[in-house]
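Below: one structure, written as structure tokens.
The values are calculated or read from the model by the stated rules, or taken from the named source; none is laboratory data. Quantities reported herein were computed from a predicted structural model and do not represent experimental measurements. FYI the Cβ positions are ideal-geometry reconstructions off the backbone, even for glycines, and counts take in every protein chain you see. All accessible areas refer to the heavy atoms of the entire protein, side chains included, with ligands and DNA or RNA removed. Shrake-Rupley method; radii C 1.70, N 1.55, O 1.52, S 1.80 Å.
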Amino acid sequence: MTDAAPPASTVDATVDPGEIARFSALATEWWNPHGKFKPLHRFNPVRVGFLRDRLANHFGRDPLADRPLAGLRILDVGCGGGLLAEPLTRLGAEVTGIDASGPGLMAARLHAEQMGLAIDYRETTVEALAATGAGFDAVLNMEVIEHVADRPAFLAASALALKPGGLMVVATLNRTAKAYALAIVGAEYVLGWLPRGTHNWQKFVKPEELRAELAAADLTVGETTGVVYNPLSDRWSLSRDAAVNYMILSTKPL
Amino acid sequence: MSQSFSPAPQLDGDALIADVLIVGGGMVGLTAGVALASAGFSVIALDRAPLDAQLDAAFDGRVSAIAAGSRRALEGIGLWNHVLAQGHVAEPIRDIRVSDGDSLAFVHYDSRALNDKKARSASAPPSEPEPFGHIVENRTIRAALAARAKELPNLTLLAPAELAGVVNEPSHALASLRDGRRIRAALVVAAEGKESALRAARGIAVTRWSYPQTAIVCTIAHERPHGGIAHERFLPVGPFAILPMTDDHDGRHRSSLVWTEKTALVPAYLALNKADFDAEVVRRVGDFLGRVESIGPRWSYPLSLLHAERYTDERLVLIGDAAHAIHPIAGQGLNLGLRDVAALAETLVDAKRLGLDIGFGEVLAGYERWRRFDNVLLAGITDGLNRLFSTSFTPLVLARRLGFRAVNRAGPLKTLFMRHAMGLVGELPRLSRGEPL
């Protein structure tokens, strides 16, 4: 495609070339559709489609238009290699991606630069960002809250980063026996979403708990949508079944 | 549908820039170019031969059976009206009669028996059943493609132009031409046919076998009208098809013959004088069309089957004969290629609307999963049919004749076969369902 805007932040020229090679290898790993993140790549279109449609709906855009998210400022929390940030940028959004992992961010930055995409990647936390009063049209917490120590504080900071009238999307794993079984037996469901070697089921959260926490952060809580995997077709789709993966929308009152 | 068009290919330094580069400007390749450009992508298509050569009457004497699903796709990309605009060139197939050698057993497919709404195009009046397909001369399709291409400012044809090589860079493929020009594209589409050089360069292996058969193709003029009926006869040496064509400018009724023959004998048949050749034709066609004579040149095409082990590589996708060439026994080769095009166009449009890189492996894997099953199925069916029918071994002959009778009597099974011949079975691309991209 022909997005040719200059990258917002480039890989620092003072970084050791050996380090660059390591980031490059990491970027290659993140973006290899046959590698370790293959399950995430297979999952990605369904969540990008969901985000595009809900954001377009919320902000009165046509989701099938050329750049339906043009001009929207979006915060991607826990952005990893940029699997969400890049497509959302191509759809017109101005994306800020934050992550706690420095090397991961460098890899994301390098890849965006190679693809000619302007994405503002920062090594920071949502709490620190919210303190600066950054007003985003949308905050995306996609597969991150299961890693967070203090979830209510994290959600409150996320809400603070939103403009009034803005949209927050949270995606995570349900704390059900089914989710537990699939998380333990099926790497497809959680690979890359949980810290290595930890299947910390206690961090999974039930939709009703999350809805209560979002409401406590002064957000107006909207729909809950499940995402289900069909092992026969090897495809993900949206569903009313929220027993394993699900997403919740909420808005910040004007 | 809100659709903004990418601009015509841009220059970056000395390189042309496009979303998609299509290598091979044949019927499938150019249809892909038209489909993708119609969907808003900027496209460059190149071919080794100048385009005018393809339009020459001597270039390709074949006709193609455009199945109903393919016709809908061609309508959807603005091509079918150009086919019709070429004159009286699209003859609807209203009835297909499949028979076994000289036996009286046959399967009779009548489009009027398919009375369901799904099989009817939105544009057809309700009283008129959708024909199985249309017989169209290949050069008509090529002329229609050239005309449609001229309407699309974001489709650039480079011909003659020859590819020297392709190098993948992180965000695009960089192709170099023999004349020194370079092209940057997010995706390269290999549509160079059976002997795809791009496929070979990526080390994509193929399964192939040749049949000891060659198809002789010619046009016949006949006394009585064909009534829109296509005949497929399974003779011991191979299938023999009589496909209804439009009348010529002098009002003569015409059909196209596809006559499968042992390869070793074909040169002798082709060398016969007109009287002797016509006598051989009459022996096979019979007298139901009245007096019959061959008109125009005779062509021959050796038959072989080929299937690529994979349809994709980094920033590369194979379509049409580059991915699969099947036995033409069921008239499905071009239709499979057109279904590749419809599926690829839909895959890429959906990816673009999700902001995904259209050359990304996971996007291309979606196209491959979609198409492989259909292509393998038809390759197997047509090969099996050919083997089954190219025998005079008595128990098999009896079995297939009984099978014909059974199919003819079993309503649902027959309907399924008919819908399959129309290209309306399986998970259809939106274009093949008659819907917009």
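Couple of notes before you dig in:
- Backbone geometry of segment B:155-172 corresponds, through the Karplus equation with coefficients 6.51, -1.76 and 1.60 at θ = phi - 60°, to 3J(HN,Hα) couplings of 10, 10, 9, 10, 7, x, 8, 10, 6, 9, x, 10, 10, 8, 10, x, 9, 6 Hz, x marking Gly and Pro.
- Sites A:Ser237 and B:Ala275, calculated FRET efficiency, Cβ-Cβ separation with R0 56 Å, nearest 0.05: 0.30
- Two-decimal ratio, segment A:89-148, of alpha-carbon radius of gyration to 2.2 N^0.38 Å: 1.16
- Along segment A:23-30 the Karplus relation, 6.51 cos²θ - 1.76 cosθ + 1.60 evaluated at θ = phi - 60°, assigns HN-Hα couplings of 5, 4, 5, 5, 5, 4, 5, 4 Hz to successive residues, with x for each Gly and Pro.
- Taken over chain A, lysine pairs spaced eight or more positions apart, or on distinct chains, with alpha carbons under 28 Å apart number 12.
- Computed label-point distance, nm, for sites A:Glu127 and B:Glu195 using a 7 Å Cα→Cβ extension: 6.9 nm
- Partner chain coverage, peptide B:222-235 - average Cβ within 10 angstrom: 0
- Whole-number percent relative contact order across chain A, with pairs defined as alpha carbons under 8 Å at least 6 apart: 18 percent
- Whole-angstrom Cα spans of chain A along principal axes, big to small: 47, 44, 36
- Accessible carbon and sulfur surface of segment B:132-236 relative to its total accessible area, %, 1.4 Å: 53 percent
- The mean count of C-beta atoms from other chains within 10 Å of the C-beta of residues in B:363-371, rounded to a whole number, is 2.
- The base-10 log of I(q)/I(0) for segment A:18-147, evaluated at q = 0.09, 0.13 Å⁻¹, reads -0.25, -0.53 [Debye formula, identical scatterers on Cα atoms, solvent excluded].
- Panel note: contact residues of segment A:36-64 (accessible area lowered by at least 50 Å² against the chain on its own; 1.4 Å probe) correspond to A:Arg42, A:Leu64.
- Annotation: per residue accessible area for chain A equals 42 Å², rounded to a whole number [probe 1.4 Å, protein chains only].
- For B:Ile17, the residues 5 or more places off, or on other chains, whose built amide H falls under 5 Å of its own are B:Gln10, B:Leu11, B:Asp12, B:Arg184.
- Across segment B:151-247, the relative contact order, built from alpha-carbon pairs under 8 Å that are at least six residues apart, equals 12 percent.
- Where only C-alpha atoms are counted, convex hull volume of segment B:145-293 per residue in Å³: 207 Å³
- ³J(HN,Hα) computed for each position of segment B:211-221 - Karplus, 6.51 cos²θ - 1.76 cosθ + 1.60, integer Hz, glycine/proline x: 8, x, 10, 10, 8, 8, 10, 7, 9, 10, 9
- The portion of the accessible surface of segment B:259-311 made up by carbon and sulfur, rounded to a whole percent, is 58 (1.4 Å probe; DNA, RNA and ligands excluded).
- The B and A chains share an interface that buries close to 2000 Å² of accessible area, total over both sides, probe 1.4 Å.
- Accessible carbon and sulfur surface of chain A relative to its total accessible area, %, 1.4 Å: 56 percent
- Accessible solvent surface per residue of segment B:123-244, calculated while the other protein chains remain in place, 1.4 angstrom probe, Å²: 39 Å²
- Remark: spin-label model distance A:Asp150-A:Leu254 equals 3.4 nm, labels positioned 7 Å along the Cα→Cβ axis.
- Ranked order, A:Thr132, B:Thr312 - accessible area, probe 1.4 Å, largest first: A:Thr132, B:Thr312
- For chain A, a crude dipole built from +1 on the beta carbon of Lys and Arg and -1 on the beta carbon of Asp and Glu, taken about the Cα centre, is about 600 debye to the nearest 20.
- Residues B:Arg252 and B:Arg284, FRET efficiency given R0 of 25 Å [Cβ-Cβ distance, rounded to 0.05]: 0.80
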